[in-house]
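The values are calculated or read from the model by the stated rules, or taken from the named source; none is laboratory data. These numbers come from a predicted model, not from an experiment. In this analysis, Cβ positions are derived from the backbone assuming ideal geometry, glycine residues included, and neighbour counts consider all displayed protein chains.
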């Protein structure tokens, strides 16, 4: 089943990924081809099989609530693309 | 003696007997880097000043007797492990100028040994790829044939070890990213059991599959590095709270009684004849050394592993890479007043083609209406693949396969065909799906191009696969050959 142009744009929007027109066309071809190959998964009978999210079955990892220093503010802000004093500066959320 | 060609254990002996200083060893590596980097392109960052000052300090530690096996030994670190104060790019435009404020746990652990950090190695962007051609910075070339790829994603680490630019390196492996380049460059590379080595400070690609491991010149070195980096870490909630053994103690050459299975499904259609012949010859050698080999073992669901992997890994990647929004760090598109447009353009210009492809694939597999059909289905197939391995390990102590179906391919050969590129990892990715440990070691050459053998163990049986690999290296000398460059 080939993905439609609208479906590709819908996925890109979910991923907040800007794409050029050429990328939309190329991804439409490539994703459709890959998914068609991955249809092979439907041949496997998994009616009585539970899903595996992790290969090692660890559960309920708990830690003592210990006070520890966080990284200094200046170090955290050092990589900020835009900084405003002690804050990350962002574009207006409400227009 | 060419000092930059020494193994860790050889260099260590010379360092502690004061026949060689760490500064001399470090200078030899730096000189070699200057000499071959214009051809190999394995390094993103060279930290010469740091390396020389660390070497001086290491020499003082050794003089005071306050050292261990890794003290004063030069190392290269894949550029997806955070190094405090040293740029960590993931070979991506997105992180081109990112300087981490903290060290990854593996780097912290190395730092306790008095290491000499020579720099950071090139990789496929965010570790997504099998050739380093998806690096946004440059492509690394295979030291055995500069027109071919070194494999990936840890291609820079493997190529640098092969070209004797460093004594050893660290890599990471999500679907074969340590083993496949180790095979392509004729070096030794280990992916430990999932949970054995902390992932804290490793830039996340697919969190349920990622694992850090050593890339070295031989198995004995691999054991030494694993000793240094393995162990529980409370900052990685998937790290396993179990004690780690001394991995050098298993390095014997007696394989009597060991049961080895050879799963037929891994000798796949499209496999190069010379690769199959070399691996069968290598397994016969293990039989001579005392191992009991079952040539007709079977893992019938292997054929579904590639599809399951390429649903699961991109799904996890699409969630992990959602953090790159241009606000807290990394590339940020500023030329707009709209928050959403800034975010979309940041990701459009910051990510390369393969990363975008996987984000799209993963986002689709997780999206409403497709989640059960793709993501949950792939996770169920994952269960079956793991169960099949568990059953095989009731009968065998280890399984042996080729590391990759072919020798290194030409640069540019597969770049426009994602599926062909993905097939390069067809023998390695089932192991990540099941969370198992596996090692790739040199097992021959076809027309001068390296062939790797993969030895797979049950969870937390690194000692068994190291022992088999070590016994093989004691009986052969493939791992001692070096490229002429």
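Just a few scattered comments:
- Residue B:313 being out of contact with any helix residue (DSSP H, G or I) (no Cβ under 7 Å at 6 or more places or on another chain), in a helix (DSSP H, G or I), within 24 Å of residue B:209 (Cβ to Cβ) and at pLDDT 95 or above: yes
- Inspection of segment B:367-389 identifies at least one residue that is on the phi > 0 side of the Ramachandran plot, without any contact (Cβ under 8 Å) to a residue 12 or more places away in the chain and surrounded by fewer than 24 Cβ atoms within 10 Å (Cβ to Cβ).
- Qualifying residue in segment B:112-125 (condition: part of a helix (DSSP H, G or I), more than 27 Å from residue B:359 (Cβ to Cβ), touching a residue at least 24 places away in the same chain (Cβ under 8 Å) and touching a helix residue (DSSP H, G or I) at 6+ places or on another chain (Cβ under 6 Å)): no
- Qualifying residue in segment A:72-92 (condition: farther than 30 Å from residue B:87 by Cα and surrounded by 13 or more Cβ atoms within 10 Å (Cβ to Cβ)): no
Per-residue answers, yes or no, for (1) buried (at least 24 other Cβ atoms within 10 Å of the Cβ); (2) on the phi > 0 side of the Ramachandran plot; (3) touching a strand residue (DSSP E or B) at 6+ places or on another chain (Cβ under 8 Å):
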| residue | (1), (2), (3) |
| --- | --- |
| B:130 | yes, no, no |
| B:136 | no, no, no |
| B:144 | yes, no, yes |
| B:167 | yes, no, yes |
| B:172 | yes, no, yes |
| B:180 | yes, no, yes |
| B:216 | yes, no, yes |
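- Summed over segment A:26-64, the residues that are touching a residue at least 12 places away in the same chain (Cβ under 8 Å) and farther than 22 Å from residue B:209 by Cβ give a count of 4.
- Residue check: residue B:279 meets all listed conditions (1) under 21 Å from the mean Cα position of the chain (by Cα); (2) surrounded by fewer than 24 Cβ atoms within 10 Å (Cβ to Cβ); (3) over 27 Å from residue B:70 (Cβ atoms) but one, namely (2).
- Criterion: within 11 Å of chain A (Cβ to nearest Cβ) and surrounded by fewer than 16 Cβ atoms within 10 Å (Cβ to Cβ) - qualifying residue of B:300, B:245: B:300
- If you go through segment B:338-357 and keep only what is within 7 Å of chain A (Cβ to nearest Cβ) and not in a helix (DSSP H, G or I), you end up with just B:338.
- Residue count for segment B:30-59 satisfying the condition of being under 23 Å from residue B:153 (Cα atoms) and touching a strand residue (DSSP E or B) at 6+ places or on another chain (Cβ under 7 Å): 8.
- When every residue of segment B:447-457 is checked against the conditions, none turns out to be part of a loop (DSSP other than H, G, I, E, B), within 14 Å of chain A (Cβ to nearest Cβ) and either in contact with a strand residue (DSSP E or B) (Cβ under 9 Å, 6 or more places away or on another chain) or over 29 Å from residue A:55 (Cβ atoms) (or both).
- Any hit, segment A:34-45, residues being at pLDDT below 95, facing chain B (nearest Cβ under 7 Å) and either part of a loop (DSSP other than H, G, I, E, B) or on the phi > 0 side of the Ramachandran plot (or both): no
- Of the listed requirements (1) part of a loop (DSSP other than H, G, I, E, B); (2) within 14 Å of chain A (Cβ to nearest Cβ); (3) surrounded by 24 or more Cβ atoms within 10 Å (Cβ to Cβ), residue B:364 misses just one: (1).
- Some residue of segment A:65-87 being at the interface with chain B (Cβ under 7 Å from one of its Cβ atoms), in a loop (DSSP other than H, G, I, E, B), without any contact (Cβ under 8 Å) to a residue 60 or more places away in the chain and closer than 28 Å to residue B:459 by Cα: no
- Flag for residue B:125 being buried (at least 24 other Cβ atoms within 10 Å of the Cβ) and closer than 19 Å to residue B:82 by Cβ: yes
- Reported count of residues in segment B:393-418, each being part of a helix (DSSP H, G or I) and either within 11 Å of chain A (Cβ to nearest Cβ) or touching a strand residue (DSSP E or B) at 6+ places or on another chain (Cβ under 6 Å) (or both), is 1.
- Some residue of segment A:55-63 being modelled with pLDDT under 95 and under 21 Å from the mean Cα position of the chain (by Cα): yes
- The single residue among B:254, B:221, B:233 that is assigned to a loop (DSSP other than H, G, I, E, B) and at pLDDT 95 or above turns out to be B:233.
- For segment A:1-31, a residue qualifies if it is under 30 Å from residue B:388 (Cβ atoms) and more than 7 Å from every other protein chain (Cβ to nearest Cβ), and exactly one does: A:1.
- Positions within segment B:63-87 being over 14 Å from residue B:51 (Cα atoms) and touching a strand residue (DSSP E or B) at 6+ places or on another chain (Cβ under 7 Å), in sequence order: B:78, B:79, B:80, B:81, B:87
- Segment B:243-291, residues that are without any contact (Cβ under 8 Å) to a residue 40 or more places away in the chain and on the phi > 0 side of the Ramachandran plot: B:257, B:290
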